[in-house]
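Asks: This structure is in structure tokens; I'll ask about it shortly.
The values are calculated or read from the model by the stated rules, or taken from the named source; none is laboratory data. The shown structure was predicted, so the numbers you read here are calculated from the model rather than taken from an experiment. Positions of Cβ are generated from backbone atoms using ideal geometry, with glycine treated the same way; all protein chains shown enter the neighbour counts.
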Amino acid sequence: MLKIYDDLKQARQTVLCRQNLMALEEAPEPVQESIRSVFGEKLTPEQAVARILSDVRQRGDEALRDWSARIDGAPAENLETPPEEWKIAHDNLSPDLAEALTLSAERIREFHARQPIATLSWTTDEMGGTLGQRVESLARVGVYAPGGGAPLPSSLLMAAIPARVAGVGEIFVCTPPGCAGTRAPDVTLAAAHVAGVDRLFRLGGAQAIAALAYGSETVPRVDKIVGAGGLFTTLAKRQVYGAVGLDGLYGPTETVIMADASANPAWVAADLLAQAEHDLLATAILLTPSRSLAQAVQTEVARRMKSLSRADVIAKSLDKQGGIVITPDLETAVRLINEFAPEHLCLSVQEPEAWARRIRNAGGIFLGQHSFEVLGDYVAGPSHIMPTGGAARFNSPVNVLDFVKIVNVIGLDTKTTSDLCPIAARIAEAETLTAHAAAAIARSNTDKR
């Protein structure tokens, strides 16, 4: 049963207390067993990932095939799935599913096309010459589309389409093979077709991240990797940072719902259940000052869960990470939200826009009961790849700015150069960088020559 917390201190120490899975000294037993099975010895997840990354960096395609066979059971021949197979997969979809993917892609594209990146370029001649910043699209981006537990074509669309809108030159996708090492599911291949990516590789986990970061005979090296994944994917992203850019490091998904007595308990329960079915580590939390709502939601969750296909996953997720916290008022709930910084925040309250203005830390804010998270997952328009684990305090959802970079432009006139050189030289001397100071002094009278 979904637990109700009356004690805020207890809630902060339990359901609102984060567990950093990447910092665990001892991995969960199923993870340890998987590592022993693949490597034949006891390794930490970090050590296992480092071994894969090093091997791929040294042996390229040969290592990619070896690790794909050992971990995913993928046949050793083709690492890449060609575009003609994407189109066949798309044509084989039921018409309603194909239409749904197309509509989702159109809304994602339309939303991100409204983000004003072009206006970020600027120059000025009011500081002694030409100074400014130029926006440049990244040349090549790698999208990781997870698919270990279930196919997630929506994640492919949510990463690849903003990249295309930003003007990225080439977009490559890595996604795990299907069951028994077969190609990725048709719906994922169809999403690649709809998104208009350039290449798709049948690679998952740490070996996929290694391929995108370092390159191989088949997989070209990219400038940045975007997309969420499981523990090994996230650890791999963290270890390759610097060799390649990253959008962020993503942990288990999370939703916080803030609700008052006006909320529909059946809808709140449905939203909590939808979040919890992602996986055993998903977090689904309700904050409310209404005890009657809390009890009604608790009852609805128990009633509805029995008929759901992933009821066992939901039950474990809600037991370990879920909960209902009774707050003295909505102001307290807002404070808890800003402390927790959830990936998704759903405001099932009266006047949601007014309350939203008081929220500083959230990946995405869903205003009112008709703007619920599931729509954000698929068709609302903004990317559903959002910061988790409290990273919403400093990081943003995937957006067009993830796929561009700023280049500073400096073109000073000779008078400004002459005026600034002594100042630069003085600072350089304070830093004991005499060659810097000499370079500045040598040009200090340029306008008089």
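Asks: Might you check whether a residue that is closer than 30 Å to Phe232 by Cα, acidic (Asp, Glu) and assigned to a loop (DSSP other than H, G, I, E, B) occurs anywhere in the stretch 74-82?
Replies: Taking every residue of the stretch 74-82 in turn, at least one turns out to be closer than 30 Å to Phe232 by Cα, acidic (Asp, Glu) and assigned to a loop (DSSP other than H, G, I, E, B).
Asks: Check the stretch 341-354 and report whether any residue there is within 30 Å of Pro162 (Cα to Cα), under 20 Å from the mean Cα position of the chain (by Cα) and assigned to a helix (DSSP H, G or I).
Replies: No, because not a single residue in the stretch 341-354 is within 30 Å of Pro162 (Cα to Cα), under 20 Å from the mean Cα position of the chain (by Cα) and assigned to a helix (DSSP H, G or I).
Asks: Out of the stretch 261-288, which residues are within 19 Å of Leu347 (Cα to Cα) and surrounded by fewer than 20 Cβ atoms within 10 Å (Cβ to Cβ)?
Replies: Ala261, Ser262, Asn264, Ala266, Trp267, Ala270, Ala274
Asks: Spot the failing condition for Ile35; the list is (1) outside any helix (DSSP H, G or I); (2) in contact (Cβ under 8 Å) with a residue 12 or more places away in the chain, and only one is missed.
Replies: All conditions are met except number (1).
Asks: Right, here's the next one. Return the total of residues in the stretch 91-114 being assigned to a loop (DSSP other than H, G, I, E, B) and under 25 Å from the mean Cα position of the chain (by Cα).
Replies: Residues flagged as assigned to a loop (DSSP other than H, G, I, E, B) and under 25 Å from the mean Cα position of the chain (by Cα) within the stretch 91-114 amount to 1.
Residue-by-condition table, conditions (1) in a loop (DSSP other than H, G, I, E, B); (2) modelled with pLDDT of 95 or more; (3) in the same structural domain as Ala210 (by TED's automatic domain parsing):
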| site | (1), (2), (3) |
| --- | --- |
| Ala50 | no, yes, no |
| Leu53 | no, yes, no |
| Val56 | no, yes, no |
| Ser68 | no, no, no |
| Ile71 | no, no, no |
| Glu85 | no, yes, yes |
| Ala89 | no, yes, yes |
| Pro116 | yes, no, yes |
| Gly132 | no, yes, yes |
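Asks: Of all residues in the stretch 47-86, how many are over 23 Å from Ala243 (Cα atoms), touching a Lys or Arg at 6+ places or on another chain (Cβ under 8 Å), surrounded by 14 or more Cβ atoms within 10 Å (Cβ to Cβ) and hydrophobic (A, V, I, L, M, F, W, C)?
Replies: Within the stretch 47-86, residues that are over 23 Å from Ala243 (Cα atoms), touching a Lys or Arg at 6+ places or on another chain (Cβ under 8 Å), surrounded by 14 or more Cβ atoms within 10 Å (Cβ to Cβ) and hydrophobic (A, V, I, L, M, F, W, C) number 1.
Asks: I would also like to ask the following. Among the residues of the stretch 172-199, write down those that are part of a loop (DSSP other than H, G, I, E, B) and either of a type in the set (Gly, Ala, Ser) or out of contact with any Asp or Glu (no Cβ under 8 Å at 6 or more places or on another chain) (or both). So that I can check it myself, show each step before the final result.
Replies: Filtering the stretch 172-199 for residues part of a loop (DSSP other than H, G, I, E, B) gives 176-178, 182-185, 196-198.
Correct list: Gly178, Thr182, Ala184, Pro185, Gly196, Val197.
Asks: Return the residue satisfying two criteria in turn: it lies in the stretch 396-416 and is at pLDDT 95 or above and touching a Ser or Thr at 6+ places or on another chain (Cβ under 6 Å), and of such residues it is farthest from Ile385 (Cα to Cα).
Replies: Only one residue tops the list, namely Gly411.
Asks: Just to be sure, is Gly147 surrounded by 17 or more Cβ atoms within 10 Å (Cβ to Cβ), free of Cβ contacts under 8 Å to residues at least 60 places away in the same chain and in contact with a strand residue (DSSP E or B) (Cβ under 8 Å, 6 or more places away or on another chain)?
Replies: Considered against the rule, which asks whether it is surrounded by 17 or more Cβ atoms within 10 Å (Cβ to Cβ), free of Cβ contacts under 8 Å to residues at least 60 places away in the same chain and in contact with a strand residue (DSSP E or B) (Cβ under 8 Å, 6 or more places away or on another chain), Gly147 comes out as yes.
Asks: Out of the residues in the stretch 316-361 that are among the hydrophobic types (A, V, I, L, M, F, W, C) and without any contact (Cβ under 8 Å) to a residue 12 or more places away in the chain, state the one that is surrounded by the most Cβ atoms within 10 Å (Cβ to Cβ).
Replies: Restricting to residues being among the hydrophobic types (A, V, I, L, M, F, W, C) and without any contact (Cβ under 8 Å) to a residue 12 or more places away in the chain, the top hit is Ala356.
Asks: Then there's this: Residues that are free of Cβ contacts under 8 Å to residues at least 40 places away in the same chain and within 23 Å of the chain's Cα centre (by Cα): which strands (runs of 3 or more DSSP E) entirely in the stretch 200-302 hold 1 or more of them?
Replies: Working: elements: 224-226, 254-259, 283-288.
Result: 283-288.
Asks: All but one of (1) surrounded by fewer than 24 Cβ atoms within 10 Å (Cβ to Cβ); (2) more than 15 Å from the chain's Cα centre (by Cα); (3) under 25 Å from Arg109 (Cβ atoms) hold for Leu189; which doesn't?
Replies: It is condition (1) that Leu189 fails.
Asks: Considering only the stretch 369-384, state which residues are β-branched (Val, Ile, Thr) and either without any contact (Cβ under 8 Å) to a residue 60 or more places away in the chain or crowded, with 19+ Cβ neighbours inside 10 Å (or both).
Replies: Correct list: empty.
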